[in-house]
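Everything below concerns the one structure shown next.
The values are calculated or read from the model by the stated rules, or taken from the named source; none is laboratory data. Not measured: the values here are computed from a predicted model. All Cβ positions, glycine included, derive from the backbone under ideal geometry; neighbour counts span all protein chains shown. The accessibility values were calculated without ligands, DNA or RNA, using every heavy atom of the protein model including side chains. Shrake-Rupley method; radii C 1.70, N 1.55, O 1.52, S 1.80 Å.
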Amino acid sequence: MKNVPILYEDNHLLFVEKPVNVPVQEDRSKDQDLLSFLKEDIKYRYQKPGKAYLALVHRLDRPVGGVMVFSKTSKAASRLSNAMRRKAVDKKYLAVVRGRPAKNHDVLEDHLVKDKRRNMVYTVHPNANKAKKAVLEYEVIGEKNDLSLLSINLHTGKPHQIRVQLSSRNWPLYGDQKYGKKSNQAGQQIALWSQTLAVDHPTKNETIKIKSQPPNTFPWNLWGQVPCPSDY
């Protein structure tokens, strides 16, 4: 990782643009992870002795890029983690899917179960053992070449939620080999981007809302400047 764009920073919060294909924290691959990189960056930029404090309060899948927030103090970590649990954080994503949803705007509700051994998530009956409810809201904001551009408002934050809920309706994400193997080819980059993240500041009476636009590469560049979704 040569450089990670800083989108907003103060004494308590650090918003960055996560690069694609980078793990958020150390995993079995032992590849350089975002959390460790940012700790070293803070230590270097502020000439801190010893280890720099930085807390992970949410995650993005390794292939996914876009805006993330980290906590620079224990107070911020506690308050942000609590906000995440209360679903008091506004998260919006952009996704390019294969096919065309029947409705321009809809709310999708499913129950999901994760197979930790295979690192796969499945839709199941609501009464299934360990089933967890997953809810997202989408709006179609662009169409081209049998691909649809969706703006997604995530109401719950379950592992692989967006990828599973969309693929279960035959709208697999472009480039997703895990949940869209039949529609995608090896080497294609998954088209899912964390576009907007809004949180209440842990010490100030204000909301911090940060945006990040996807790269000017295929399939994002099919739409030139990505259209703005409506406020839903």
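Of the labelled figures (i) 54, 43, 39; (ii) 58, 39, 29; (iii) 44, 39, 28, only one reflects Cα extents along the principal axes in Å as derived from the coordinates, namely (i). If I compute solvent accessible area with a 1.4 Å probe over the protein chains, what percent of it on the chain is carbon and sulfur? Carbon plus sulfur share of accessible area: 46 percent.
Under a straight-distance cross-link criterion of Cα-Cα below 28 Å, which lysines are reachable from Lys75, leaving out those fewer than 8 residues away in the same chain? Of all the lysines, those that pass the test against Lys75 - Cα under 28 Å, at least 8 places apart if same chain - are Lys18, Lys39, Lys43, Lys48, Lys51, Lys87, Lys91, Lys92, Lys158, Lys204, Lys209, Lys211. The orientation-averaged projection of the convex hull spanning the C-alpha atoms of region 54-111 amounts to 5.8 square nanometres. Sequence-ordered 3J(HN,Hα) estimates for region 40-51 from the Karplus curve with 6.51, -1.76 and 1.60 and θ = phi - 60° stand at 5, 5, 5, 4, 6, 5, 9, 6, 7, x, x, 8 Hz, glycine and proline given as x.
Across region 126-132, coupling constants 3J(HN,Hα) worked out from phi with the 6.51/-1.76/1.60 Karplus curve, θ = phi - 60°, read x, 8, 5, 4, 6, 5, 10 Hz, and Gly and Pro carry x. Using a probe of 1.4 Å, the accessible surface attributed to Phe37 totals some 40 Å² when neighbouring protein chains are kept in position.
Counted without the sites themselves, the longest stretch of the chain free of GluC sites (Glu not before Pro) in a DSSP loop having at most 13 other beta carbon atoms within 10 Å is 27-205.
Converting phi to 3J(HN,Hα) with the Karplus coefficients 6.51, -1.76 and 1.60 and the offset θ = phi - 60°, region 194-208 yields 7, 8, 9, 9, 10, 9, 6, 4, x, 10, 10, 8, 7, 9, 9 Hz in sequence order, with x at every glycine or proline. Once the 1.4 Å probe is applied to the protein heavy atoms, region 1-93 comes out at 55 Å² accessible per residue.
For Trp223, the solvent-accessible surface with a 1.4 Å probe is about 40 Å², rounded to the nearest 10. Under the criterion of Cα pairs below 8 Å and six or more residues apart, the relative contact order for region 27-100 equals 20 percent. Computed over protein heavy atoms with a 1.4 Å probe, the accessible surface of region 147-189 works out to 41 Å² per residue. Ordered by solvent-accessible area of protein heavy atoms (1.4 Å probe), largest first, the residues Tyr122, Tyr174, Tyr53 come out as Tyr53, Tyr122, Tyr174. On full extension, the segment bounded by Tyr44 and Gln25 gains 4.9 nm, given 0.36 nm per residue less the C-alpha separation. Under the simplified labelling scheme, the Lys144-Thr207 pair shows an inter-label distance of 3.1 nm, with each label point 7 Å from Cα along Cα→Cβ. Scanning residues 5 or more positions from Asp106 or on other chains, those with amide H under 5 Å from its amide H are Tyr138, with H placed 1.01 Å from N in the peptide plane. Between Lys182 and Glu9, take the C-beta separation as r, use R0 = 41 Å, and let me know the FRET efficiency to the nearest 0.05. With a Förster radius of 41 Å, E is 0.45. Here's how it looks for Met120: its modeled amide H is under 5 Å from those of Asp115, which are all 5 or more places away or on a different chain.
The helix-based estimate of mean residue ellipticity at 222 nm for the chain, built from -39,500 (n - 2.57) per DSSP H run of four or more residues and divided by its residue count, is -4000 deg cm²/dmol to the nearest 500.
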